[in-house]
Amino acid sequence: MIDKILQKDELTKEDLITLLSIEDEQDLQKLFEKAYSIKEKYIGKISHYRGLIEFSNYCIKDCEYCGIRKSNNLVDRFFMNKEEILKMAKWAFENEYGSITLQSGERTDKDFIDFVTDVIKSIKDFTNGKLGMTLCMGEQTEETYKKWFEAGGHRYLLRIETTNEQLYKNIHPENELHSFSNRVDCLKSLRKIGYQVGTGVMMGIPNQTIEDLANDIIFFKNMDIDMIGMGPYIVHKDTPIGKYAIENNLDTNENKKYRFLLGLKMIAVTRIFLKDVNIAATTALQALDPLGREKGIKAGANILMPIITLEDYREKYQLYDNKPCIDDNADKCKNCLTGRVMSVGEKVGFGEFGDSKHFFKKSR
Ligand code: 5AD
């Protein structure tokens, strides 16, 4: 049955569910090999880097799974200054990272928006527009998205987290600040403005079903998404969902293994279904398995996000427990990750943007 599905050109929702439910070792290998062959055909045996700069952990949101949520008063909050951010961007540029990702907790005040605009412009200027910039700063007004686009951001990553609206409600406080429909509207605004648009979900959230995940993949297609950043849910002990998971025995080793595998299967099935989009093998994969990111590449991912955040701040930016690379620095992460990519027979696209092929096919 799996062979038959893998030979089809168009997959139905039932097919997606069947593939996401695979447990048999041989069938899993077939799934990953198929996904990898599609990646090879549409993208090549190459992965691209997005140097990740986590510049602030202040956040106005209270997402119930996230370690830097507003109500977690155990977090030591920081906000990097412009010089620090530029220093990391410069490091990325000199090390021929094609792109960086600017990420922070969410803020929507004028000071924040102006600060980010200025940082984007400065990076654009000193690199002569030769360093790609992905922005990841949550829900903003269309006006703000436009401002940042004009300043030089050209990709935006905003995860939908889950497309099951009831589940979305369960993992977020019920108020205007955490509205599912607003998040969808944000994705539409980003598209309208001209960004390459990225979204994604978490896999293995308590009470999430395989059907939910199949619907997530269909959502990516219906929204004509260019880039996918998704990863397994990981417990953070100082959050409501983390506490719930621990209390209900949902964070056993077996459970972690299940979530990790779900992470790989989602990458593979998304690659098979969407073909030419960029898909990241996220750090969260590595948090659950030491070879997580390599396995992500072999399952069809083509983007890696090495953390380049300055060492002093790394431990303060913990969205989940046991985040890897906290004691590393940018140089170490570069060597380590490049080794990981080479170990699976691929090369790194140094000095290249590594844009979403899907986006450009569409724009022509
Ligand atoms: N486990 C896994 N991913 C998480 N994120 C936030 N908290 C967690 C967690 N506990 C992810 C969300 C968010 C991204 C920046 O980090 O999907 O969009």
- Message: Condition check: part of a helix (DSSP H, G or I) and out of contact with any Cys (no Cβ under 7 Å at 6 or more places or on another chain). Does residue 36 satisfy that?
- Response: yes
- Within region 315-364, can you find the residues that are open to solvent by less than 30 Å² (accessible area, probe 1.4 Å), in contact (Cβ under 8 Å) with a residue 60 or more places away in the chain and outside any loop (DSSP other than H, G, I, E, B)? 330, 337, 341, 348
- Message: Residue under question is residue 250, and the condition is that it be open to solvent by 50 Å² or more (accessible area, probe 1.4 Å), over 13 Å from residue 282 (Cα atoms) and within 14 Å of the ligand (Cβ to nearest atom); does it hold?
- Response: yes
- Tally time: how many residues in region 232-243 are over 29 Å from residue 268 (Cβ atoms) and assigned to a helix (DSSP H, G or I)? 2
- Task: Could you please tell me which pairs satisfy a Cβ distance under 7 Å, a separation of 6+ or placement on different chains, a first residue in region 8-21 that is free of Cβ contacts under 8 Å to residues at least 12 places away in the same chain, and a second residue that is open to solvent by 60 Å² or more (accessible area, probe 1.4 Å)?
- Result: 15/8
- Note on the structure: Of the residues in region 201-231 that are charged (D, E, K, R) and in a loop (DSSP other than H, G, I, E, B), the one that is farthest from the ligand (Cβ to nearest atom) is 224
- Exactly one of (1) modelled with pLDDT of 95 or more; (2) closer than 30 Å to residue 154 by Cα; (3) not basic (Lys, Arg) is unmet by residue 96. Its number? (1)
- Go through region 247-283 and count every residue that is of a type outside the set (Asp, Glu), over 14 Å from residue 34 (Cβ atoms) and in contact with a helix residue (DSSP H, G or I) (Cβ under 7 Å, 6 or more places away or on another chain). 8
- Query: Assuming residue 72 fulfils every condition listed in (1) closer than 19 Å to residue 236 by Cα; (2) modelled with pLDDT under 95 apart from one, which condition is it?
  - Reply: (2)
- Message: Take the conditions buried (at least 18 other Cβ atoms within 10 Å of the Cβ) and in a helix (DSSP H, G or I) and apply them to residue 265. Does it pass?
- Response: yes
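Would you confirm whether or not region 74-87 contains a residue that is of a type outside the set (A, V, I, L, M, F, W, C), within 16 Å of the ligand (Cβ to nearest atom), touching a strand residue (DSSP E or B) at 6+ places or on another chain (Cβ under 9 Å) and closer than 25 Å to residue 130 by Cα?
Checked region 74-87: no residue is of a type outside the set (A, V, I, L, M, F, W, C), within 16 Å of the ligand (Cβ to nearest atom), touching a strand residue (DSSP E or B) at 6+ places or on another chain (Cβ under 9 Å) and closer than 25 Å to residue 130 by Cα.
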- Message: So for region 212-234 (the condition being closer than 21 Å to residue 290 by Cα, open to solvent by less than 30 Å² (accessible area, probe 1.4 Å) and more than 15 Å from the chain's Cα centre (by Cα)), does at least one residue qualify?
- Response: no
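Residue-wise test of (1) at pLDDT 95 or above; (2) within 15 Å of the ligand (Cβ to nearest atom); (3) open to solvent by less than 10 Å² (accessible area, probe 1.4 Å); (4) assigned to a helix (DSSP H, G or I).
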| residue | (1), (2), (3), (4) |
| --- | --- |
| 163 | yes, yes, no, no |
| 166 | yes, no, no, yes |
| 174 | no, no, no, no |
| 181 | yes, no, no, yes |
| 186 | yes, yes, yes, yes |
| 190 | yes, yes, yes, yes |
- Message: When the residues of region 192-211 are narrowed to those that are open to solvent by 10 Å² or more (accessible area, probe 1.4 Å) and among the polar types (S, T, N, Q), which ends up farthest from residue 108 (Cα to Cα)?
- Response: 209
- Task: Give just the number: which of (1) within 16 Å of the ligand (Cβ to nearest atom); (2) assigned to a helix (DSSP H, G or I); (3) in contact (Cβ under 8 Å) with a residue 24 or more places away in the chain does residue 272 not satisfy?
- Result: (1)
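The values are calculated or read from the model by the stated rules, or taken from the named source; none is laboratory data. Because the structure is predicted, anything quoted here is derived from the model rather than measured. In this analysis, Cβ positions are derived from the backbone assuming ideal geometry, glycine residues included, and neighbour counts consider all displayed protein chains. The accessibility values were calculated without ligands, DNA or RNA, using every heavy atom of the protein model including side chains. Shrake-Rupley method; radii C 1.70, N 1.55, O 1.52, S 1.80 Å.
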